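The values are calculated or read from the model by the stated rules, or taken from the named source; none is laboratory data. Every value quoted in this text rests on a predicted model; they were computed, and no experiment measured them. Glycine also receives a Cβ, built like all others from the backbone with ideal geometry; neighbour counts cover every protein chain displayed. Ligands, DNA and RNA are stripped out before the accessible areas are found, and what is left, the full protein with its side chains, is counted by its heavy atoms. Shrake-Rupley method; radii C 1.70, N 1.55, O 1.52, S 1.80 Å.
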Amino acid sequence: MDVLHHDHDHETPQVRPVPRKVEPAQTLQWLRKGFRDFQKAPADCLFYGAIFVLMAYLLGAYVDQAPELVITFATIFLLAGPFLAIGLYDIAKQMEAFDGHGRVKLLHSVTSWRVNMPGFSLYAVLLAVLVFGWFRVSLLMFALFYDTAALPNLNEIVADSFNADNLEFLIAYFAVGFLFAQLVFSVSVVSIPLLLDKDVDTVTAMIASVRTVYRNVLTMGVWAAIIVAMTVVGFATYYLGLIIIMPVLALASWHAYRDLITFER
């Protein structure tokens, strides 16, 4: 039995998302459920995993030409993940609908963003603004630190990272990067699944996401650390590990959304 299950019911009363308190140990359950879903639809998930790998290789190739942006592009990859994973969220939602008695529709997941086009479009614009802001700040910091006619190559950047004289720059650079990442994580951790799942606007979804992080600071900190650590492992395998890691993280994020958000009419 094939099930399509991402259409919003516009005839039902408007619901209000409310964050729930979740313990940090629940993050491991999200990972288990994500891997379980991956095993149920491996081909569909690998399709999305391959896209992540391709994107990583393309970003890596550009970094070879502009090495001063290596951390910026790594940040872009992490920040764009929730938006690129919409199709995987839809796969998880389809699995919930048929409860083991059917198979997911890949094409349905690819076009799932159409269910809330205004919401996803505004989110994409806001994400682009944030990424562009970090991009400009990154360039500015490198330009101020490397007071030369040309920006350094990758070898110079790595060598300077171990120079004690550059400690202030490194602290400032990573601090600013952390603030950008924290901001985007806070507004997106449950907002994208929420936009897919319910007929809500972008601002409502982002507010719900920030409130969720505020109510679950420790749990969300653990979850963010898991996402970063697993992504680093994927990069360390010359990007090949991302073909499994990213789909599992996306599917797990759907289950995180289910645990973290309830609804009131």
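Please verify whether residue 89 is assigned to a helix (DSSP H, G or I), modelled with pLDDT of 75 or more, closer than 26 Å to residue 188 by Cα and touching a Phe, Trp or Tyr at 6+ places or on another chain (Cβ under 7 Å), treating the condition exactly as stated. Judged against the criteria, residue 89 is a match.
Restricting 35, 52, 47 to residues that are open to solvent by 60 Å² or more (accessible area, probe 1.4 Å), in contact with a Gly (Cβ under 9 Å, 6 or more places away or on another chain) and at pLDDT 75 or above narrows the list to 47. State yes or no: is residue 171 touching a Phe, Trp or Tyr at 6+ places or on another chain (Cβ under 8 Å) and β-branched (Val, Ile, Thr)? So residue 171 does not fit the description; no.
Go through the stretch 186-208 residue by residue and tally those that are touching a Pro at 6+ places or on another chain (Cβ under 9 Å) and in contact (Cβ under 8 Å) with a residue 60 or more places away in the chain.
Going through the stretch 186-208 one residue at a time, the tally reaches 14.
So, in the stretch 96-112, how many residues would count as being assigned to a helix (DSSP H, G or I) and either touching a Lys or Arg at 6+ places or on another chain (Cβ under 6 Å) or without any contact (Cβ under 8 Å) to a residue 40 or more places away in the chain (or both)? Count: 2.
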